[in-house]
1. Mind listing just one residue for me: the one in the stretch 35-75 that is polar (S, T, N, Q) and modelled with pLDDT of 95 or more and, of those, nearest to E85 (Cα to Cα)?
2. Could you grab the pairs with beta carbons closer than 7 Å, sequence gap of 6+ or different chains, first residue in the stretch 62-87 and more than 21 Å from H47 (Cβ to Cβ), second one modelled with pLDDT under 95?
3. Report, by residue number, each residue of the stretch 1-49 that is open to solvent by 40 Å² or more (accessible area, probe 1.4 Å), under 16 Å from E79 (Cα atoms) and in a helix (DSSP H, G or I).
4. Could you please give the count of residues in the stretch 50-77 that are open to solvent by less than 80 Å² (accessible area, probe 1.4 Å), among the hydroxyl-bearing types (S, T, Y) and in a helix (DSSP H, G or I)?
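The values are calculated or read from the model by the stated rules, or taken from the named source; none is laboratory data. Since the structure is predicted, the reported quantities are computational estimates derived from the model, not experimental observations. Positions of Cβ are generated from backbone atoms using ideal geometry, with glycine treated the same way; all protein chains shown enter the neighbour counts. Calculation scope for accessible area: heavy atoms of the full protein, side chains included, ligands and nucleic acids excluded. Shrake-Rupley method; radii C 1.70, N 1.55, O 1.52, S 1.80 Å.
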Amino acid sequence: MFNLYRMNHRLQCLSFNAFRQLCQRHNAKIADKNLKIILHIMKDNPHTVLNEDYHPILLIEITKETDQKVCNDFKPILEEYLIQEIK
């Protein structure tokens, strides 16, 4: 069983460089400006990252601040890799 408090804390402490490397390892080609926006959104709303039911809400917020292509590029990171990386 994983600890949501610990995962939330790790997400809140995630640096931009670590986040960029995570995205690069999984072939997400997203500009640094957009990565900073996504990271900021995730840190402001950690429950949307940790709870899969809220992923659509997070993706809508990302689309509002960036665009649909960035959201589509980030979606696999969110759904497949991010939680594994912060565990």
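1. N72
2. What qualifies is D73/A28; D73/K29.
3. Listed by number, the residues that qualify are Q24, R25, H47.
4. Counting residues in the stretch 50-77 that are open to solvent by less than 80 Å² (accessible area, probe 1.4 Å), among the hydroxyl-bearing types (S, T, Y) and in a helix (DSSP H, G or I) gives 1.
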